[in-house]
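Structure record follows, encoded as structure tokens.
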Amino acid sequence: MADDDTIFDKILRGEIPCDRVYEDEWVLCFRDINPQAPVHAVVIPKKKARDVGELCALAPDFVGGYMAGIVKAAQRLGLEGGYRVVFNTGKDAQQSVAYVHAHILGGRVLGWPPG
Ligand code: 5GP
């Protein structure tokens, strides 16, 4: 994984542009640059954690705000037919950005199991 100042840190600071979908006090959601489904966005918390393990060490209120933000972002994306939320975590899951992020995937029927 990359160093501590990741591309998502830079997007959150506004140093790199993004196609913003949803934002509130807890989260920022933007479209993925390399979409894996007709609708593909990522949701990052506004407090830094490298992965879901570190996220769980943050205050429960903050984790709850992050989870609610993921659902609100999915609603904003208009995924009435359903969607998948994925946290790639660690090297076996091919996490490539060391800033925790939920992928929201939808807009088609999604295969299971994933690759
Ligand atoms: P991971 O592989 O860590 O689970 O997911 C990282 C995701 O970030 C990938 O789906 C990748 O396409 C996306 N990504 C990487 N760099 C950028 C960027 O600069 N802008 C946006 N919008 N997405 C990015």
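None of the figures in this text is laboratory data; all of them are computed from the coordinates on show. Keep in mind it's a predicted model, so treat the numbers as computed, not measured. Heads up, the Cβs are rebuilt from the backbone with ideal geometry, glycines too, and the neighbour counts pull from every protein chain shown.
Between D5 and D92, how high is the FRET efficiency from 1/(1 + (r/R0)^6) when r is the Cβ-Cβ distance and R₀ = 25 Å? Nearest 0.05. Step by step, r from the Cβ atoms, then E = 0.55.
Counting only other residues whose beta carbon sits under 12 Å from that of L12, what net charge do I get with K and R as +1, D and E as -1? The partial results should precede the final answer.
Working: positive: K10, R13, R20, K46, K47, K48; negative: D5, D9, E15, E23.
Charge balance in the 12 Å sphere: +2.
Taking other Cβ atoms within 10 Å as a rough exposure proxy, E54, E23 sort from fewest to most as E54, E23. Note on C29, C18: ascending count of other Cβ atoms within 10 Å places them as C18, C29, the fewest first. Our coupling estimate for the range 40-54, obtained by passing each phi through the Karplus curve with A = 6.51, B = -1.76, C = 1.60 and θ = phi - 60°, is 8, 10, 10, 10, 10, x, 7, 10, 6, 9, 7, 7, 5, x, 5 Hz, Gly and Pro reported as x. The slack in the chain from R108 to L58, taken as 0.36 nm per residue of separation less the alpha-carbon distance, amounts to 14.6 nm. Seen through its C-alpha gyration tensor, with square-root eigenvalues sorted a ≥ b ≥ c, the chain comes out rounded because a/c lies under 1.5. Computed extension length for A68-I16: 16.2 nm, one decimal, from 0.36 nm per residue of separation with the Cα-Cα distance subtracted. In percent, rounded to a whole number, the relative contact order of the chain is 33, using alpha-carbon pairs under 8 Å and six or more apart.
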